[in-house]
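Trainee: Sharing a structure with you now.
The values are calculated or read from the model by the stated rules, or taken from the named source; none is laboratory data. From a predicted model like this one, the values you see are computed outputs, not experimental measurements. Cβ placement follows ideal geometry from the backbone for every residue including glycine, while neighbour counts extend to all protein chains displayed.
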Amino acid sequence: MSLARRIFDIDDLTPEEFAEVLEFSALRNPPKVLSNKSVAAVFEKPSLRTRNSTEVAIRQLGGGVTTMVDQEIGIGVRESASDIAATLSGYHDLICARVKSHQTLENFALVSVPRGVGVVNLLSDQSHPVQALADVLTIKQLWSGGDHPKLTYVGDSNNVASSLAKAASYAGIEVTISSPEGYEFDDPFLAELNVGEGVVKKVSDPKVAVKGANFIYTDVWVSMGQEDQTETRLKAFSSYQVNSELMGLAGDGVKFMHCLPAHRELEVSADVIDSKDSIVWIQAENRLHSMRGLLLKLFWKAN
Ligand code: CP
Ligand code: NVA
């Protein structure tokens, strides 16, 4: 298998590769597989966790990283995505990118992959695979019950929900997605999220959806780029807040998850995210370990 891969979503890894990434994430002192290598990290949207975890993971593996934010390179404004990818491919061994439109990843890869340079998605409007790796790593670390923990995602059927569902499905986790009408995945798309042995289903009433859940997950109601829809969205999602009442309807010992950044008193109440049942900081730290695991998979054990 070539090093020049497109990792645009979780199912760009096989189930076996996905399991290997999680295994490698546990290696705290791995070989410096990025020694003498360089990574381009492109951000068309803001980032705290993804930028830091990516840069630190690269450095821990002995590599160099050049991070560029939107205004510096002006994708499609200053020059085309293809010209940017062709240029970056001459300097770097991998392009990691957070993009406004998923199509930009395609445009990068079309040019960079034939030049031997892969592309990893650091969040697009469609998917957020590097977040989902950390989320499933976190669930696997903390879950000591039976084979198939139950995860309920409450909120917007968005990029985070979609990659999370695929990763959970690969890991045999049962997923229920609860979104208001108009913000749900349609049935054919939902079926496509069932990529593994876990079942992904939707239940629109959050109070029903959380019954028996071991993990409750939410994300922002207004994603980056949707700011002009804020008023409509806040109304539509008002009964989908994860608060102590909703947590109380779930299984004993239920844990709260959020990819962050969080908005207290919107998608989650402060008493839930700041409670002992919240595992958001473990998730955030695991962004580093899982990113390092993914890079090890791509550059150490490519086959
Ligand atoms: N969860 C996440 O991707 O955080 P950032 O947007 O801060 O990178
Ligand atoms: N759904 C959010 C995730 C942020 C990490 C967004 O796309 O803005």
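Rundown of residues vs (1) in contact with a helix residue (DSSP H, G or I) (Cβ under 6 Å, 6 or more places away or on another chain); (2) aromatic (Phe, Trp, Tyr); (3) more than 16 Å from ligand 1 (Cβ to nearest atom), yes/no style:
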| site | (1), (2), (3) |
| --- | --- |
| Glu72 | no, no, yes |
| Ile75 | yes, no, yes |
| Ala81 | yes, no, yes |
| Thr87 | no, no, yes |
| Gly90 | no, no, yes |
| Leu94 | no, no, yes |
| Thr104 | yes, no, yes |
| Val119 | yes, no, yes |
| Ala134 | yes, no, no |
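Trainee: Can you work out which of the residues in the range 278-301 that are surrounded by 15 or more Cβ atoms within 10 Å (Cβ to Cβ) and part of a loop (DSSP other than H, G, I, E, B) is farthest from ligand 2 (Cβ to nearest atom)?
Mentor: Only one residue tops the list, namely Trp300.
Trainee: If you go through the range 227-252 one residue at a time, how many are at pLDDT 95 or above and within 18 Å of Val154 (Cβ to Cβ)?
Mentor: Within the range 227-252, residues that are at pLDDT 95 or above and within 18 Å of Val154 (Cβ to Cβ) number 18.
Trainee: Going by what's in this entry, would Leu151 be described as away from ligand 1 (no atom under 16 Å from the Cβ), at pLDDT 95 or above and within 23 Å of the chain's Cα centre (by Cα)?
Mentor: yes
Trainee: Test of understanding: among Lys276, Lys301, which residue is touching a residue at least 60 places away in the same chain (Cβ under 8 Å) and charged (D, E, K, R)? Step through it out loud before you land on a result.
Mentor: Values: Lys276 fails: touching a residue at least 60 places away in the same chain (Cβ under 8 Å).
It is Lys301.
Trainee: Suppose the filter is farther than 27 Å from Gly64 by Cβ, touching a residue at least 60 places away in the same chain (Cβ under 8 Å) and either basic (Lys, Arg) or within 12 Å of ligand 2 (Cβ to nearest atom) (or both); does Gln126 pass it?
Mentor: When the stated conditions are applied, Gln126 passes them.
Trainee: Sticking with this one: Test Ala41 against the criterion of being within 16 Å of ligand 1 (Cβ to nearest atom), closer than 14 Å to Lys297 by Cβ and touching a residue at least 24 places away in the same chain (Cβ under 8 Å), and give yes or no. Show your work before the answer.
Mentor: Numbers: within 16 Å of ligand 1 (Cβ to nearest atom): yes; closer than 14 Å to Lys297 by Cβ: no; touching a residue at least 24 places away in the same chain (Cβ under 8 Å): yes.
The answer is no for Ala41.
Trainee: Kindly provide the set of residues from the range 234-247 that are within 16 Å of ligand 2 (Cβ to nearest atom) and surrounded by 21 or more Cβ atoms within 10 Å (Cβ to Cβ), ordered by number.
Mentor: Within the range 234-247, Phe237, Tyr240, Val242 meet the criteria.
Trainee: Given the options Ala57, Ala41, name the one that is within 16 Å of ligand 2 (Cβ to nearest atom) and surrounded by 14 or more Cβ atoms within 10 Å (Cβ to Cβ).
Mentor: Sole residue among the options that is within 16 Å of ligand 2 (Cβ to nearest atom) and surrounded by 14 or more Cβ atoms within 10 Å (Cβ to Cβ): Ala41.
Trainee: Of the conditions (1) within 30 Å of Glu72 (Cβ to Cβ); (2) in contact with a Leu (Cβ under 7 Å, 6 or more places away or on another chain), Ile10 satisfies every one except a single condition; which number is it?
Mentor: (2)
Trainee: A further question follows. Return only the number of the condition from (1) touching a helix residue (DSSP H, G or I) at 6+ places or on another chain (Cβ under 7 Å); (2) within 14 Å of ligand 1 (Cβ to nearest atom); (3) of a type outside the set (A, V, I, L, M) that Glu285 does not satisfy.
Mentor: Glu285 satisfies every listed condition except (1).
Trainee: Among the residues of the range 63-86, is any within 16 Å of ligand 2 (Cβ to nearest atom) and under 24 Å from Lys166 (Cα atoms)? Show your work before the answer.
Mentor: Going through the range 63-86, the residues within 16 Å of ligand 2 (Cβ to nearest atom) turn out to be 69-70.
Among the residues that remain, those that are also under 24 Å from Lys166 (Cα atoms) are: none.
Within the range 63-86 (the criterion being within 16 Å of ligand 2 (Cβ to nearest atom) and under 24 Å from Lys166 (Cα atoms)), the answer is no, since none of the residues qualifies.
Trainee: How many residues does the range 136-148 hold that are touching a residue at least 60 places away in the same chain (Cβ under 8 Å) and away from ligand 1 (no atom under 13 Å from the Cβ)?
Mentor: Taking the range 136-148 as the starting set, the residues that turn out to be touching a residue at least 60 places away in the same chain (Cβ under 8 Å) are 136-143, 145.
Applying the additional criterion that residues be away from ligand 1 (no atom under 13 Å from the Cβ) yields 136-137, 139-143, 145.
So the answer is 8.
Trainee: I've got another one for you. Would you check if Lys166 is touching a Gly at 6+ places or on another chain (Cβ under 7 Å), within 16 Å of ligand 2 (Cβ to nearest atom) and closer than 17 Å to Phe8 by Cβ? Can you show your working first?
Mentor: Numbers: touching a Gly at 6+ places or on another chain (Cβ under 7 Å): no; within 16 Å of ligand 2 (Cβ to nearest atom): yes; closer than 17 Å to Phe8 by Cβ: yes.
Judged against the criteria, Lys166 is not a match.
Trainee: Specify the residue that is surrounded by the most Cβ atoms within 10 Å (Cβ to Cβ); the eligible residues are those in the range 62-104 that are free of Cβ contacts under 8 Å to residues at least 60 places away in the same chain and among the hydroxyl-bearing types (Ser, Thr, Tyr).
Mentor: By that ranking, first place goes to Ser89.
Trainee: Looking for something assigned to a loop (DSSP other than H, G, I, E, B), more than 16 Å from ligand 1 (Cβ to nearest atom) and either more than 19 Å from the chain's Cα centre (by Cα) or basic (Lys, Arg) (or both) - is there at least one such residue anywhere in the range 220-236? If you could, list the steps in order and put the result at the bottom.
Mentor: Of the residues in the range 220-236, the ones assigned to a loop (DSSP other than H, G, I, E, B) are 220-226.
So of that shortlist, the ones also more than 16 Å from ligand 1 (Cβ to nearest atom) come out as none.
No, the range 220-236 contains no residue that is assigned to a loop (DSSP other than H, G, I, E, B), more than 16 Å from ligand 1 (Cβ to nearest atom) and either more than 19 Å from the chain's Cα centre (by Cα) or basic (Lys, Arg) (or both).
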